[in-house]
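To start, the structure itself, in structure tokens.
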Amino acid sequence: MKVLTEQNLPLKEETVCTIGSFDGFHIGHIHLLEKTKEEAQKTGRKSLVITFEPHPKKILSPEKAPCRITDLTTKLELLEYYNIDYVYVIHFTPEYAKKSAKAFLDFLAKNLKCKKIIVGHDWRFGYGGKGCIEFASEYGKKAGFEVEVIPPIKINDTRISSTIIRTLLKEGKVDEAEKYLGRTYCIKGKVIQGDRLGQKIGFPTINIIPDVDLCLKKGVYMGYVSFDHKLYPAVINYGTRPTVDGKKTFIEAHIIGEKLSKDIKEVKIFFKKFIREEKKFNNIQELQKQIKNDIQEAINTLEVKT
């Protein structure tokens, strides 16, 4: 997969394009990608995903901007996993938001060589969201592309959307969100040096700093940590550690039954199930006792061999 820059444009090869924020990267998005790849292979073109960073609502109406499900790094990694040929990231700015619907379509046709655009049923684009599917289809007749609309995907009569996934994550229902995501909810991050408190009390952790607008309920989870191409069962805390300081927000993962390597640079953390709310304990001994209980619950549920 190649992430395109301005230096790569205009493309010489014709493409089949799909467009969106792909924030949740859920089953509906995966269906769009599969359709895009299928059409590209059938017509001898390249598959191209056009996405935005940050989410357009962050610029257009920051106060209403949704919390983030998938960061750009994870999104690009997932797109590579699905064997997309090209990705073009539009850096969404107040200036870019003024681009007209016609100018946006001209860019797709001339610079990205989109010959077919595959989108969801609610696609809007251009200044003020004035561009719609009907306009794009009509304009495409002159500009040399066609538009295909993919109907919404449902599970048990519930339409899959980033909105429903955000709601579930904010309630800590990561196991339910997994059904709509089509994958285990995960966060990728660079490992930072903590204050080594976990090590001092007998439960060393891998620490990452989460996005400030992360879509996830604070609390303790069971799940997995991935690094060096291996998956390790873990108990994960997302929060401010109220027993210790209660100020900084961390994601801390204690790997069950393994000694930590000191040279871990980056990890991916998978959240399988919510265990409990974050709580301030009276002392470190109470905290230690609760962590042991959390680990045992994770061992039982994840069927960890000890």
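The set of residues from region 225-236 being without any contact (Cβ under 8 Å) to a residue 60 or more places away in the chain and open to solvent by 10 Å² or more (accessible area, probe 1.4 Å) comprises S226, F227, D228, H229, K230, L231, Y232.
When the test is whether a residue is in a loop (DSSP other than H, G, I, E, B), open to solvent by less than 30 Å² (accessible area, probe 1.4 Å) and modelled with pLDDT of 95 or more, L216 passes it.
Restricting attention to region 153-192 and to residues that are charged (D, E, K, R) and assigned to a helix (DSSP H, G or I), the residue that is least open to solvent (accessible area, probe 1.4 Å) turns out to be R166. Consider region 118-144 and keep the residues that are among the aromatic types (F, W, Y) and free of Cβ contacts under 8 Å to residues at least 40 places away in the same chain. The one that is least open to solvent (accessible area, probe 1.4 Å) is Y139. Applying the criterion of being closer than 14 Å to G120 by Cβ and of a type in the set (S, T, N, Q) to the residues of region 30-65, the residue that is surrounded by the most Cβ atoms within 10 Å (Cβ to Cβ) is T36.
Every residue, every condition in (1) open to solvent by less than 30 Å² (accessible area, probe 1.4 Å); (2) without any contact (Cβ under 8 Å) to a residue 60 or more places away in the chain, yes or no:
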residue	(1), (2)
A253	yes, yes
E258	no, yes
I264	yes, no
F271	yes, no
F281	yes, yes
Q285	no, yes
D294	yes, no
A298	yes, no
T301	no, no
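Of the residues making up region 125-135, one or more are within 22 Å of S100 (Cβ to Cβ), among the charged types (D, E, K, R), over 17 Å from the mean Cα position of the chain (by Cα) and at pLDDT 95 or above.
The values are calculated or read from the model by the stated rules, or taken from the named source; none is laboratory data. The structure presented is a predicted model; accordingly, all values stated were derived computationally and were not measured. Heads up, the Cβs are rebuilt from the backbone with ideal geometry, glycines too, and the neighbour counts pull from every protein chain shown. In case anyone asks, the SASA skips ligands and DNA or RNA and just uses the protein heavy atoms, side chains included. Shrake-Rupley method; radii C 1.70, N 1.55, O 1.52, S 1.80 Å.
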